Amino acid sequence: MPWIQLRVHSNSEHAEAISDLLLEEGSVSITFEDGKDTPIFEPKLGETPLWADTVVVALFDAGTDLMPTVELLKAQPFCGQDMQFKIEQIEDKDWVREWMDSFHPIQFGERLWICPSWREIPDPEAVNVILDPGLAFGTGTHPTTALCLEWLDSLNLAGKEVIDFGCGSGILAVAALKLGAAKATGIDIDYQAIDASRDNAERNGVADRLALYLPEDQPKGLKAEVLVANILAGPLRELAPLIQDLVDPGGLLALSGLLAEQADEISACYAQWFDMDPVAHKDEWCRLTGRRKTL
Ligand SMILES: C[S@@+](CC[C@H](N)C(=O)[O-])C[C@H]1O[C@@H](n2cnc3c(N)ncnc32)[C@H](O)[C@@H]1O
């Protein structure tokens, strides 16, 4: 079924009021978009701030006459007669299909390929991770995941135990196992991530070597020789005492999900326990690595 869409240019202060009015007028879905490409990284816990320039995008059934709604909005003090808006016809698409068509196998480092489960494997001799992220984060297309995959590929993981802290789709844990790790543990606060990781481990024949936990169920005394955590700077800072304790003396650590300007502070924090390497960059993101001190 095709749709008709109304886009109203507003701001962080009035977007909610516009959204409420559009829902009352019969909109079937509302989304907020950044009007000026000014991303908000890491809002405070429990807060979902809007952009200074916010576009309210409302979807209606095709055939809806939107002009009365536009006039109603213009009559509101929070919009006014000079309100900027656009009406667009939206052709009906299979969005899942579109996304699937855009996701191709990608190589990371020397040996590793991430292959969407619906695509042919380009190099059957390579280390191939067959992936369907489901509803979880982690396809390899994001620079932070890519930085972690390249790091894992560069290591000799044979026989090692690996912790993937914030496992999302399980992409890093499954890659570590396929690169030779003996055992991996994935930890995530999100049930959907745990499910997706389990599915991906099964898809790759490594489910018997992957343990998955919500943080509250994590076994006491858990430790590994290699830990990778692709979460944001905030949790990496707050959870530093817990994360460092999961790495064996002499073990290896990779932290990602960091913006370049956050690297020095997080690196200094982990330098209490780890000998830190130079920062690796990809686009505006970066990765920290280090080896746990033995004393
Ligand atoms: C950026 S995704 C990374 C997913 C995947 N490891 C990758 O590299 O693509 C971050 C994941 O960390 C999880 N996460 C966030 N805070 C966490 C916490 N405090 N403890 C455990 N997992 C957390 C999120 O639910 C999400 O799945």
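Of all residues in the range 248-268, how many are closer than 18 Å to R292 by Cα, touching a residue at least 60 places away in the same chain (Cβ under 8 Å) and hydrophobic (A, V, I, L, M, F, W, C)?
Within the range 248-268, residues that are closer than 18 Å to R292 by Cα, touching a residue at least 60 places away in the same chain (Cβ under 8 Å) and hydrophobic (A, V, I, L, M, F, W, C) number 2.
Do any residues in the range 105-130 that are within 14 Å of T145 (Cβ to Cβ) and polar (S, T, N, Q) have Cβ atoms under 9 Å from those of residues that are open to solvent by less than 40 Å² (accessible area, probe 1.4 Å) and assigned to a loop (DSSP other than H, G, I, E, B), where the two are at least six apart or on different chains, and which pairs are they?
Hits for this filter: Q107/A126.
Residues that are modelled with pLDDT of 95 or more and part of a strand (DSSP E or B): does the range 256-268 have at least one?
Checking the range 256-268: at least one residue is modelled with pLDDT of 95 or more and part of a strand (DSSP E or B).
What residue, of G257, G234, is in contact with an Asp or Glu (Cβ under 8 Å, 6 or more places away or on another chain), within 16 Å of the ligand (Cβ to nearest atom) and not hydroxyl-bearing (S, T, Y)? If you could, list the steps in order and put the result at the bottom.
Numbers: G257 fails: in contact with an Asp or Glu (Cβ under 8 Å, 6 or more places away or on another chain).
Just one listed residue meets the conditions, G234.
For the range 150-167: of the residues being within 8 Å of the ligand (Cβ to nearest atom) and open to solvent by less than 10 Å² (accessible area, probe 1.4 Å), which is farthest from P249 (Cα to Cα)?
Result: C167.
Can you tell me which residue is farthest from the ligand (Cβ to nearest atom) among those in the range 269-294 that are hydroxyl-bearing (S, T, Y) and at pLDDT 95 or above? Steps first, answer last, please.
Within the range 269-294, the subset hydroxyl-bearing (S, T, Y) is 270, 289, 294.
Next, from what is left, pick out any that are at pLDDT 95 or above: 270, 289.
Details: Y270: 16, T289: 14 Å.
Ranking the qualifying residues of the range 269-294, first place goes to Y270.
When residues of the range 75-108 are filtered for being part of a loop (DSSP other than H, G, I, E, B) and among the hydroxyl-bearing types (S, T, Y), how many remain?
Going residue by residue through the range 75-108, those that are part of a loop (DSSP other than H, G, I, E, B) are 75-84, 91-94, 103-105.
Applying the additional criterion that residues be among the hydroxyl-bearing types (S, T, Y) yields none.
So the count comes out to 0.
Would you mind telling me which numbered condition in (1) in contact with a helix residue (DSSP H, G or I) (Cβ under 8 Å, 6 or more places away or on another chain); (2) in a loop (DSSP other than H, G, I, E, B) I121 fails?
The one condition I121 does not meet is (1).
Is it true that T145 is surrounded by fewer than 18 Cβ atoms within 10 Å (Cβ to Cβ) and within 10 Å of the ligand (Cβ to nearest atom)? Working first, answer last.
Values: surrounded by fewer than 18 Cβ atoms within 10 Å (Cβ to Cβ): no; within 10 Å of the ligand (Cβ to nearest atom): yes.
Against the criterion (surrounded by fewer than 18 Cβ atoms within 10 Å (Cβ to Cβ) and within 10 Å of the ligand (Cβ to nearest atom)), T145 does not qualify.
Hey, any hits in the range 237-248 for a residue that's more than 10 Å from the ligand (Cβ to nearest atom), under 22 Å from the mean Cα position of the chain (by Cα) and either open to solvent by less than 40 Å² (accessible area, probe 1.4 Å) or in the same structural domain as T145 (by TED's automatic domain parsing) (or both)?
yes
The values are calculated or read from the model by the stated rules, or taken from the named source; none is laboratory data. Just so you know, these numbers come straight off a predicted model, no measurement behind them. Counting neighbours? That spans all protein chains shown, and the Cβs are built from the backbone with ideal geometry, glycine included. Keep in mind that these areas ignore ligands, DNA and RNA; they rest on the heavy atoms of the full protein, side chains included. Shrake-Rupley method; radii C 1.70, N 1.55, O 1.52, S 1.80 Å.
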